[in-house]
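Worksheet: one structure, shown below.
The values are calculated or read from the model by the stated rules, or taken from the named source; none is laboratory data. Predicted, not measured: the structure shown is a model, and the values here were computed from it. Note that we place each Cβ from the backbone using ideal geometry, even for glycine, and neighbour counts take in every protein chain shown. Accessible surface is based on the protein model in full, side chains and every heavy atom, while ligands, DNA and RNA are left aside. Shrake-Rupley method; radii C 1.70, N 1.55, O 1.52, S 1.80 Å.
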Amino acid sequence: MSERPVIQTRGLSKAFGFLPVLRGVDVDIPRGQFVALLGANGSGKSTLLRIISGLTKPTQGQVTVGGWHIPDEAQHVRRQLGVVSHKSLVYPQLTAYENLRFAARLYALPAAETHERVLAALERVGLKRRAHQLARTFSRGMQQRLSIARALLHKPHILLLDEPHTGLDQPACATLNALLREMHADGHTLLMTTHQLEHVPLLAQRVLILARGVLAHDAAPESDPVALAQTYARVTGESIHA
Amino acid sequence: MTAASPSVAAASAPNHLGRLKALTAVTAVAFLLGLGMALAYAGTDAIQGNVQRLFYFHMGAFFGAFVAFACTVVGGVQYLRTRNVKWDTFALAGVEVGVVLSFINLATGSIWARPIWNTWWTWDPRLTSAAVMVLVYIAYLMVRSGIENRDTRHRFAAVYGILAFSSVVFTLVVIRIRPDTIHPAVIGTGAQDAQGGFAMNSSMTTTLLLNMAVWVFLLTPTLMWWRIRLQNYADRVTQRKIAYMEQG
Amino acid sequence: MTVFARAVGAIFLKDMRAEWRSRELIGVMLLFALLSVLVFSFALELDRLARREAISGVLWVTVVFASVLGLNRSVAQERENGNVDALLLAPIPRAAIFFGKFLANWLFTAVIGALLLPLMTVLYNVTLASLPVLGLLLAGTWGICVTGTLLASMTLQTRVGEALLPIALLPIALPLLLGTVRATTGILTDAPVNDWGGWVGILLGIDLFYTVVCMAFYGVVVEE
């Protein structure tokens, strides 16, 4: 069982109408790996993440998460998945505490534990003092931390992160990176898209690059962001600043 | 390369032009026969006179539209089950043909009503519901045109097409349940307030049956088939455009 | 409690709490409804008899347009921060998401309608504030909100956006409206039950059909 990849795709294709976005992607991600998924806008990296999380149906090909077929058996893996996106996925009219309590109810966490788990999750992302303030009053970085607390609340072992650094300033990025490293050290499997290459060598063990809907590069990241940027430019034909 | 999507299969399916032309010829002949019978063979109604002859087309158009809208439901259900684009094309053809037939139904009814009810239009439950039926399907076309993503458009159109059929059923049922309509029911018992009903003799019944058969079994399928063919060509053009842009 | 009921309850309570904080929906809907009723009372200078015939139309047109405002906002709130994705990722049935949102919308619309009944009773001097009319209000708004919640989830994903909801919803809701308006008029004019009872049957039948269809198809509308 431990040998089997946690996330596996075979011949995965997705077309929006006549427009192909993914054209046969094969990926294996073993348990506990931190994988960065790179690619230009429209290369299909968000789509790949959405398919793995069961939000988008593939046109062709197979996806399994934890051995279950996606999307047909998605209900068996929902509890194992935590998703963070560049959208905050929180309700601005509710307090941080209420947002997490709502999530706890959706995931059917035991009512007796909810209060403590919510507070523990808030503490972990450094928002405990602000538990009873409306999410609307939060900065972008705080909203993102709340979003991470929401994703971790039901203790998933797979984290899917779609551009989590978007809109965050330097200190907020540092906080986020520290959290992600902590999750990785705890044995979580992480799959993260980003186009801010400077974070990649600090975090990921493995770099995948999507170009024109196919997997064009699969290797350990260069330890130097500049070298990674050169690799990226070579593979995709586009330059990006590290 | 690109995985073959169902849409590719649909667009490159054999197009059976010969059969379609034959069907069209049969439909044209049968339609002319029905027209001739309605104008010359069927007896003249003693009270209403020649204007009653419109009714053969009025009924034919309604049931043609009914069948076309039912095709939309079938197409929608099948699309959601199989995700094959050909079913969406089928559903779309049903709506467009159904809307045209419904307009014929309303227009003939209106022309008939002018001498018989002394008005072109009245807000009777039956007439209102028939008008609503047309509006629902025009809304269907508007919802479709508002969605750029093809898959989304097909899914939403399928759902809306199924919901929209409630207005068709409502139009059929309201005349039986509601006693306060003035619309006559020629088949079965109608409302007590109905005005303009008439009894049919055998030449009238024959003419009605033939015309109904022509509109339901020939005219509606023929029009839908042409519409499906047109859509398949349009899809192929779109596909070639995308393939061309991909290369360039 | 089943998974379904618990999820519906959580979503419904969440909407109530969010609305209690912002009063965004109820405020807009109520103000619109008041303006609409006033505009109609100026526009239709009716004598006593004509008022009894026309007032149910005024009531229902107002309720439907107020519900369109509320439905658009309620569904848009789920899309703004991608919350609908979070709901879809949770281990709950899609129909439960739909039903929770629907229940909240229904309550808001019914509350607006229920506030209008005594108000219009005073303004038009026609006894609208009665139990049969309230019952019709609950049944009519049920069908409008059940289709409206589904259609708003669709139309907000289109290019046209909010403007498309009334165009998509009104023709679908018209059989409901026809039934409720006729039945309300029947009650107000003290017509015998036989004259308008059939409309109530049609209304309930359509409610049931729409509820089943909309719950079955919500998953199709939110998938990609």
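Among the residues making up the stretch B:222-241, those that are open to solvent by less than 50 Å² (accessible area, probe 1.4 Å) and in contact (Cβ under 8 Å) with a residue 60 or more places away in the chain are B:Thr222, B:Met224, B:Arg227, B:Ile228, B:Arg229, B:Gln231, B:Asn232, B:Asp235, B:Gln239. Count, please, the residues in the stretch A:102-113 that happen to be surrounded by 17 or more Cβ atoms within 10 Å (Cβ to Cβ), more than 7 Å from every other protein chain (Cβ to nearest Cβ) and more than 23 Å from A:Leu180 (Cα to Cα). Qualifying residue count for the region: 1.
Within the stretch A:1-31, the set of residues being away from chain B (no Cβ under 14 Å), outside any strand (DSSP E or B) and open to solvent by 20 Å² or more (accessible area, probe 1.4 Å) comprises A:Met1, A:Ser2, A:Glu3, A:Arg4, A:Pro5, A:Pro30, A:Arg31. I'd like to know if the stretch C:131-145 contains one or more residues that are aliphatic (A, V, I, L, M), within 11 Å of another protein chain (Cβ to nearest Cβ), closer than 22 Å to C:Val75 by Cα and in a helix (DSSP H, G or I). No, that holds for no residue.
If you go through the stretch B:81-92 and keep only what is open to solvent by 30 Å² or more (accessible area, probe 1.4 Å) and not β-branched (Val, Ile, Thr), you end up with B:Arg81, B:Arg83, B:Asn84, B:Lys86, B:Trp87, B:Phe90. Which condition from (1) surrounded by fewer than 22 Cβ atoms within 10 Å (Cβ to Cβ); (2) under 28 Å from B:Val51 (Cβ atoms); (3) away from every other protein chain (no Cβ under 11 Å) is the one that B:Trp123 breaks? Against the list (1) surrounded by fewer than 22 Cβ atoms within 10 Å (Cβ to Cβ); (2) under 28 Å from B:Val51 (Cβ atoms); (3) away from every other protein chain (no Cβ under 11 Å), B:Trp123 comes up short only on (3). Taking first residues from the stretch C:1-14 that are open to solvent by 30 Å² or more (accessible area, probe 1.4 Å) and partners that are in a helix (DSSP H, G or I) and of a type outside the set (A, V, I, L, M), the Cβ contacts under 8 Å between residues at least 6 apart in sequence or on separate chains come to C:Met1/C:Gly9; C:Phe4/C:Phe99; C:Arg6/A:Arg105; C:Phe12/C:Gly100. Given the condition open to solvent by 10 Å² or more (accessible area, probe 1.4 Å), under 12 Å from A:Leu38 (Cβ atoms) and touching a residue at least 60 places away in the same chain (Cβ under 8 Å), answer yes or no: does some residue in the stretch A:179-195 qualify? The answer is yes; a qualifying residue exists.
A:Thr47 meets the conditions (1) open to solvent by 10 Å² or more (accessible area, probe 1.4 Å); (2) under 25 Å from B:Asp151 (Cβ atoms); (3) in a strand (DSSP E or B) in every case but one. The failed one is (3).
Counting only residues that are outside any helix (DSSP H, G or I) and either β-branched (Val, Ile, Thr) or modelled with pLDDT of 95 or more (or both), the stretch C:146-158 holds 1 of them.
Listed here are the residues, each with its yes/no results for (1) crowded, with 20+ Cβ neighbours inside 10 Å; (2) part of a helix (DSSP H, G or I); (3) within 14 Å of chain A (Cβ to nearest Cβ); (4) modelled with pLDDT of 95 or more.
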| position | (1), (2), (3), (4) |
| --- | --- |
| B:Leu135 | no, yes, no, no |
| B:Arg155 | yes, yes, yes, no |
| B:Phe165 | yes, yes, no, no |
| B:Thr171 | yes, yes, no, no |
| B:Arg176 | no, yes, no, no |
| B:Gly197 | no, no, no, no |
| B:Met204 | yes, yes, no, no |
| B:Leu210 | no, yes, no, no |
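The rows are residues; the columns are (1) within 8 Å of another protein chain (Cβ to nearest Cβ); (2) within 20 Å of the chain's Cα centre (by Cα); (3) open to solvent by less than 10 Å² (accessible area, probe 1.4 Å).
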| position | (1), (2), (3) |
| --- | --- |
| A:Gly67 | no, yes, no |
| A:Asp72 | no, no, no |
| A:Gln80 | no, yes, no |
| A:Leu89 | yes, yes, yes |
| A:Tyr97 | no, no, no |
| A:Arg117 | no, no, no |
| A:Arg124 | no, yes, no |
| A:Arg136 | no, no, no |
| A:His157 | no, yes, no |
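C:Leu103 satisfies every condition listed in (1) surrounded by fewer than 23 Cβ atoms within 10 Å (Cβ to Cβ); (2) at pLDDT below 95 except (2). Among the numbered conditions (1) open to solvent by 20 Å² or more (accessible area, probe 1.4 Å); (2) touching a helix residue (DSSP H, G or I) at 6+ places or on another chain (Cβ under 6 Å); (3) away from chain A (no Cβ under 14 Å), the only one that B:Arg144 does not meet is (3). Answer with yes or no whether C:Pro118 is open to solvent by 30 Å² or more (accessible area, probe 1.4 Å) and within 30 Å of C:Arg52 (Cβ to Cβ). Yes, satisfied. For the stretch C:19-31, filtering for residues that are open to solvent by less than 80 Å² (accessible area, probe 1.4 Å) and under 19 Å from the mean Cα position of the chain (by Cα) leaves 8. For the stretch C:64-86, the count of residues that are open to solvent by 10 Å² or more (accessible area, probe 1.4 Å) and aromatic (Phe, Trp, Tyr) is nonzero.
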